Amino acid sequence: MWRAGSTVTASSKPVIELKNVTAGYYTAEGFKTLKKVFKPAITKIDLKVNDGERLAIIGESGSGKTTLLRVILGLLPPLRGDVVVLGEQIYRVPARLRWRITRQIGYVPQDPAKSLNPRLRVAEVMAEPLARTDLSEKEKAERIRDALRIVQLHESILDYYPSQLSGGMMQRVLIARAIVHDPEILLLDEPTSALDVSIQAQIINLLCSIHEKLELAMVTVTHDLPVAQYLADQAVILYRGTIVEKGPMEEIIAHPRSEHARLLVTSYLSGLNGLDRINRAEGVSAGIKRETQR
Amino acid sequence: MPVSLNYLVRRVGWSIATIAGVVILSYLVLVLSPGDPAVKWAGNPRGPGAAKAIENARKELGLDQPLYLQVLNFLRMAFTGDLGISIAYKKPVSEILWRGLAATLELLALAYAIAIPLGAFIGVMASLRRGTWLDGFIQSASLVLANTPTFWLGIAIFMVLSTSGVTAYGRVDTRLALATGFRSITGLYLLDALVQLNFPVFLDVLARTFPPALAVAAYPVGVCARVTRALMADALLEGFVQSAVAWGVSRRAVVWRYAFRATLAGLVQVSGLAFAYSLVDAMVVEYVFGRDGLGRFLFDSVNTSDFRLATGLIIVVALFYVLANTLADIVQALVDPRVKL
Amino acid sequence: MRKGPLLAAIGAVAAISIALLLYIWYLQPTQRAPALKVVVYSYLDVITGIDPSIEDDTGIVVLGSVYEPLLYYDPVRGEHIPALAESWESNEDGTVWTFRLRRGVIFHDGTPFTAEAVKLSIERARDIYRETGRGSGYIWDSVEEIEIVDDYTVRFKLAYPQRVDMLASAIYAGYIFSPSALEKAGVEDPLDPNLERWFNAGNEAGSGPYLIEFYSPESEVRLRKFEKWWGWTVVNNPDAPDVVIIRIRTDPLDQYNGLLAGEIDIASSVPRANLGDLKARGFQIINVSVFHNYILQLNCRRYPTNVTAFRLAVMHAIPWGELVDVALQGFGRLGAGVLPYNFPGYDGNLRYTYDLDLARKYLEKSGVKLPVKVEFVYQADYEENAAFAQLLKSRLADLGIDVELKPMAWTAVKEAGKEVWSSPENAPHLIINDWWPTLPSPYDYLYGLFHSESTEWNWAGYSNPVFDELISAAYEAEGRDYGEAMRLYRLAQKMVYEEGAGISLWEEIRPFVVSSRVEVPEKALNPLYIYVIFFQHVKVRG
Amino acid sequence: MVLAVKSEGLKIGYLDEQDNVLWAVKGVNLEVSEGEIYCIVGESGSGKSTVALAISGILPPHAVTEGELYVYGNLVIRGESRSYEKIRGRLVTYIPQSPGTGLNPYLTLGDQFYHVLKSLRGSTRKEAKAEAKKYLEMAGLDPASTLDRYPHELSGGMQQRAAIALALSTGARVLVADEPTSSLDAHLRLQIANLLLRLREEVKLTVIFITHDLLLASRVGDRVAVMYAGSLAEVGKLREVLLKPLHPYTSMLVDVIPTLGVKKQLKCYSGEPPRPGSNDEGCPFFDRCPYRFSKCAAEKPRLSLAEGDRYVACWLYGNRE
């Protein structure tokens, strides 16, 4: 359960560190430049995530979020700059060994419906991250059970195919899969954008509790500022491939300094004009007398 | 123009590589297969000097050189457009190929001029009447059409026509052509007749090309109808089609300007593939209808150890595939403004 | 709104009906009276070239109407027919021959025909052969000099006696072309390869009754009547075709289709099975016997066929009496010796009998242990060969000889046959060769098929110095004493017969199918000039 | 007051492969007054989009209907039969969900205007162009630079504006906007919402605004209908509903929406909305409702007047007809 106003005391040990990273894609253009042209998607990114810290990378479409994510996951060598994950320069490590480091990142992809192989049962999906570990079958089964317990899914789900699951359940499976091998970092790519609001709330609460329980660093990539404020204490705001603002979440929402951050914040604030004030002034769900906990 | 130079360069490079591969492979297969081209080149000599003549011929054809040199030499020839002199006909291979290609192309072009609009039309009709008897009929009819062996169909059409006293043999009525002074300029008789304003020959050529074209068209009609129906079924549910309906756009415009337009890219792609496939069909059918096209030459050239002609033919077929592919790409880019090559 | 598709459908129906109407209208064959007399002749093979001095294959079909030799030969009557030469004589020992040429002949390009053309043409054929071994110019090997006596007289001086009248009426290498060809081809030396290229590009320089109007050797050759041909007054045929189209149709069924469609008037090769049908439809069938025979050759260099007695056993196990009916369905004549019927030197006595007892005796004598296996190679796409092969297999099985049938494409058959010289163990034991003559001399056959130096065609691997000597002597004797020469040839044939190296199985009778539009008189066909139709004699009915 | 849209017992379902009907809308009574912005809010599977399709006249062929639907008094759905000829584009127009999907990618905007206007009014190209300019300007686009463009050459926000302009060019009086902003970035979302508000004033439209985003609805709407599992849960003035949600589901929605700058606890209701075709007995929210009691399982509550002009379908509020 999310604790209002609390910040996890982050140790100073950085788990992810990006220094002056520029990355992007090569495109062939025109006749004269049959050699390909580099189109940067992110430029000069400096980023640090400390152990146990919760960071949100906030940006709208085209801001370079996905590229940044790929760089961190070891999938896209940057043109320039250092990418340090868990103390290792991952792009100095040969590509075939890189997975030893990057598997310490538990990754939850964007669209649960599209990210799950429809031909694999949940059990197989869950076992994937454990494939290259030297755990015994029994230990593996144990791990999978634990992970399912954390995401509040019943074990019977292991026999299901993704098509038999609802969107919320699929997302839980993906989260369970990301934490099953006990990673140091949890990387979430738009974890709630494909979900309905009521499910979104469940997942947000779940992620908060996971962070608390497993004490790992949690990086959330999202375009949704209100969601981000639940999932992160620190935030960076990406705009057209550069970081335009970074700092504590609350600070950014209260006093956005850059033009873009201000636009972002006001577009959410003004969008809720009536409702927000209602909530603050009259308390949550005034129409219902009894407060209940689940 | 939606085609970039970059695409062109890549495409040409890719084509050259493909054709070079085809040349090398076909040369090796043909030269190493039984039958001595030198004998044919020397004219099947039978006198006392036969061995000498064949030896000379072997030298002339370069068959006495090491294989890799032969291949290199042939590659050089192929890419300078000089495919040499046909061994069986003692005539430049390129000339023979062009005549054959023209005949086959004419047949294919007519077949596709019939097949694509017809197939697309009935496919659209079926999609608009989904679940009705018409849909079922079109569906099964197109399945049958797409799977009828073209060779069989060609023979059937020929037999029916000849027993009913109508002829569809050859490319043009010889006597008519002579009487009206028809001359072949490009080898595409329809075009030639038009250029010469020779309408009797034009109609005659058309009439003779029509029955074999029908046989060749069967497969693409079936394929196009099925593909169009499937694509249309999806297209009709597309957001922009739905919006157009909601905005009150007329049914005809919705069907043709909106939904059908969306199926065109897929249709072109499938037709492109089918076109290449139909080349083989056309080769078979023209044999039945007494038309001198690529099909007959391929058969004859293998029979007469004419490796030069056979290789030339294979290059033409490869080129044909490459072109059909490129054309499909380009048409796709023309049809869909989002596609840039 | 729903009218769109309906209108389109009506439009489509209308368009299709109009197209159909036009279609039927334009395909009514009787509707148009042809302004020209046209004959379409479908021939089974592609044209391999039309250089008059070099071509020695299917090009004859064209050359025969476009060029003329000095003489033709009628093998049935055994007499010569004057063509470009009107009369000729030789000295006593046959080493000097003088030809007096026809006056008033012009080539297709208008240049007059003179002795110069004769000298040029024949020397070119001879010299190209001497230099490259190509063509049939070897028949002129004996000619030392061709002397132009005057514009209309030439004199051949020979190194050894020869029948130059026979050579001059050869199928190949005897055609006379105009000297203007050199200029047109842009060459000075008649041996320049460019001249051959010029010819093969579809050009000609002949004097014959037809000239080439269009040449596409893979599909069609179109000939047009040469109005100034000297012979029109002689043949006196006002119905001769104005245009002759030689259409290449390599599939017999295709020829049949063409006949039905009215696009072919004379077909050289339709499937035998369809002949009855064609007859019923009013087509005329002309059975032409041609000098084209099929020769069974036995491998003399590989066990067990290298044993003479074994070969003779095989020969006597062939049911000769059934051959024509079963294998050829009547379209053929049983062979004898090596040469075809009516051909000079033919000997009808050189036939084996079907006698299994005798065959068994020979088998015993041969010492070949039974059972034994032999390979038999033949051309796959001749139905007669396949029928014969089945017959042979069943009869030899009676003797305990297992025949392995190996039908192949022609080129592969030739490869296999030639191997008898390079690696006899890989060459088949039995093989069917076929032959048609270049010149009306037995030498042509005997040298080609059984001379030890003829490694391209002697697929028996037969090597007998006495035989070689004999036919060479006979060839030389031809010019001096023709009767003696024939006697020697018969002797040579007998040697082959007695050794069982090979035998003419049958000679072909070719059913030409002729539509009712056309009349092909006897004169238009000559068994020596195989597949040539002398179109000046053909009559086209209105 | 004239009712722009009215439905009575409207049921809409879809035939599946086995010809079973899966009901997406299970008996809905709607009353949309002329000139108001009527929001239909719900989560995925609530049937809100199906209602939008039904009003716009683009239900797929395999849809099955029951009940009645009127648009300006015209009976459009009557039991199984549907007739939209008179209303498509003439009375009702439509804005599709994501910006790209509504526009024909193969035609320039100018051509698309032409086809719409030719079909509705028989306009010539020239007339259509003049009209198009008017509406593009109204939607905040520069006609000169957009008329000859293909949709993919425009940004997402511009595409949606173009779709709005096209929808308005029909001149229809009822605009159905089916989640018109859901795939846009936050600031664009706001712009589009403002644009709709402005247009409502300018063109005097009735807007039926379908959304899952309560925040956005609160910005634009006059009245709101909250849908859950194919039925209406609560209908009333938007402000009142949000201020004082009566139905437990509405209340939950208000609770779980994260709002910027407000650190409230996101109340967790377990469970998920029922899938289409699931059992129809009792209250559809029964599984998730914290206040459920025995009657809820047995009988489905009907939408009934709770207080003022608030209608609620919940046994907590009795069932006064």
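The values are calculated or read from the model by the stated rules, or taken from the named source; none is laboratory data. On a predicted model such as this, the values are computed, not experimentally measured, just so you know. Methodologically, a virtual Cβ is constructed for each residue, glycine included, from the backbone with ideal geometry; neighbour enumeration extends over all protein chains shown. Keep in mind that these areas ignore ligands, DNA and RNA; they rest on the heavy atoms of the full protein, side chains included. Shrake-Rupley method; radii C 1.70, N 1.55, O 1.52, S 1.80 Å.
Any chance you could count how many residues in the range C:480-503 are in contact (Cβ under 8 Å) with a residue 60 or more places away in the chain, under 24 Å from residue C:90 (Cα atoms) and open to solvent by 10 Å² or more (accessible area, probe 1.4 Å)?
Number of matching residues: 3.
When both residues are 6+ apart or on different chains and their Cβ atoms are under 6 Å apart, which pairs have a first residue that lies in the range C:404-416 and is of a type in the set (A, V, I, L, M), and a second that is open to solvent by 60 Å² or more (accessible area, probe 1.4 Å) and not in a strand (DSSP E or B)?
Once the first residue is of a type in the set (A, V, I, L, M) and sits in the range C:404-416, its partners that are open to solvent by 60 Å² or more (accessible area, probe 1.4 Å) and not in a strand (DSSP E or B) give C:412/B:34.
Those residues that are at the interface with chain A (Cβ under 7 Å from one of its Cβ atoms) and modelled with pLDDT of 80 or more, I need them from the range D:249-271; list them, please.
D:251, D:252, D:253, D:254, D:255, D:256, D:257, D:258
For the range D:10-30, what are the residues that are open to solvent by 50 Å² or more (accessible area, probe 1.4 Å) and among the hydrophobic types (A, V, I, L, M, F, W, C)?
D:15, D:21, D:22, D:23 - these are the residues of the range D:10-30 that are open to solvent by 50 Å² or more (accessible area, probe 1.4 Å) and among the hydrophobic types (A, V, I, L, M, F, W, C).
Within the range D:69-82, is even one residue within 14 Å of chain B (Cβ to nearest Cβ) and outside any strand (DSSP E or B)?
no
Within the range D:108-133, can you find the residues that are under 12 Å from residue D:162 (Cα atoms) and either in contact with a Ser or Thr (Cβ under 8 Å, 6 or more places away or on another chain) or within 14 Å of another protein chain (Cβ to nearest Cβ) (or both)?
D:108, D:109, D:110, D:112, D:113, D:132, listed by residue number.
Could you run through the range B:98-113 and say how many residues are among the aliphatic types (A, V, I, L, M) and within 10 Å of chain C (Cβ to nearest Cβ)?
1
Does residue C:337 satisfy the criteria of being open to solvent by less than 20 Å² (accessible area, probe 1.4 Å), within 34 Å of the chain's Cα centre (by Cα), in the same structural domain as residue C:475 (by TED's automatic domain parsing) and closer than 20 Å to residue C:509 by Cα?
Judged against the criteria, residue C:337 is a match.
Could you name every one of the helices (runs of 4 or more DSSP H) located completely within the range C:391-483 that has at least 3 residues being over 30 Å from residue C:158 (Cβ atoms)?
In the range C:391-483, the matching helices (runs of 4 or more DSSP H) lie at C:410-422.
Taking into account only those residues within the range A:100-125 that are part of a helix (DSSP H, G or I) and basic (Lys, Arg), which is most open to solvent (accessible area, probe 1.4 Å)?
The extreme case among them is A:114.
So which of C:341, C:362, C:346 is touching a His at 6+ places or on another chain (Cβ under 9 Å) and aromatic (Phe, Trp, Tyr)?
C:362
Report, by residue number, each residue of the range C:323-357 that is among the aromatic types (Phe, Trp, Tyr) and under 30 Å from residue C:475 (Cβ atoms).
The answer is C:341, C:343, C:346, C:352.
Looking at the range C:52-82, which of its residues are of a type outside the set (Val, Ile, Thr), in a loop (DSSP other than H, G, I, E, B) and surrounded by fewer than 23 Cβ atoms within 10 Å (Cβ to Cβ)?
C:57, C:75, C:77, C:78
Answer yes if at least one residue in the range B:196-212 is touching a Pro at 6+ places or on another chain (Cβ under 8 Å), open to solvent by less than 30 Å² (accessible area, probe 1.4 Å) and in contact (Cβ under 8 Å) with a residue 12 or more places away in the chain, and no otherwise.
No, the range B:196-212 contains no residue that is touching a Pro at 6+ places or on another chain (Cβ under 8 Å), open to solvent by less than 30 Å² (accessible area, probe 1.4 Å) and in contact (Cβ under 8 Å) with a residue 12 or more places away in the chain.
Please work out if residue B:316 is out of contact with any Phe, Trp or Tyr (no Cβ under 6 Å at 6 or more places or on another chain), more than 13 Å from chain C (Cβ to nearest Cβ) and under 18 Å from residue C:216 (Cβ atoms).
It is true that residue B:316 is out of contact with any Phe, Trp or Tyr (no Cβ under 6 Å at 6 or more places or on another chain), more than 13 Å from chain C (Cβ to nearest Cβ) and under 18 Å from residue C:216 (Cβ atoms).
Just one of (1) facing chain B (nearest Cβ under 8 Å); (2) surrounded by fewer than 19 Cβ atoms within 10 Å (Cβ to Cβ) trips up residue D:85, so point out which.
Tallying (1) facing chain B (nearest Cβ under 8 Å); (2) surrounded by fewer than 19 Cβ atoms within 10 Å (Cβ to Cβ), residue D:85 fails exactly one: (1).
Which condition breaks for residue B:106 when tested against (1) outside any helix (DSSP H, G or I); (2) among the acidic types (Asp, Glu); (3) within 24 Å of the chain's Cα centre (by Cα)?
Of the numbered conditions (1) outside any helix (DSSP H, G or I); (2) among the acidic types (Asp, Glu); (3) within 24 Å of the chain's Cα centre (by Cα), the odd one out for residue B:106 is (1).
If you scan the range D:38-58, which residues turn out to be more than 14 Å from chain A (Cβ to nearest Cβ) and either open to solvent by less than 20 Å² (accessible area, probe 1.4 Å) or closer than 14 Å to residue D:228 by Cα (or both)?
Those that are more than 14 Å from chain A (Cβ to nearest Cβ) and either open to solvent by less than 20 Å² (accessible area, probe 1.4 Å) or closer than 14 Å to residue D:228 by Cα (or both): D:38, D:40, D:50, D:51, D:52, D:54, D:55, D:56, D:57, D:58.
In this structure, is residue A:83 over 28 Å from residue A:144 (Cβ atoms), touching a helix residue (DSSP H, G or I) at 6+ places or on another chain (Cβ under 6 Å) and either buried (at least 22 other Cβ atoms within 10 Å of the Cβ) or of a type in the set (D, E, K, R) (or both)?
yes
Looking only at the range C:364-385, count every residue that is within 37 Å of the chain's Cα centre (by Cα), crowded, with 16+ Cβ neighbours inside 10 Å and assigned to a helix (DSSP H, G or I) and tell me the total.
Adding up the residues that qualify gives 2.
What residue, among those in the range C:1-49 that are hydroxyl-bearing (Ser, Thr, Tyr) and modelled with pLDDT under 80, is surrounded by the fewest Cβ atoms within 10 Å (Cβ to Cβ)?
Filtering first and then ranking leaves C:30.
So which strands (runs of 3 or more DSSP E) stay within the range A:15-99 end to end and still have 1 or more residues that are within 14 Å of chain B (Cβ to nearest Cβ) and over 19 Å from residue A:238 (Cα atoms)?
It comes to A:33-50.
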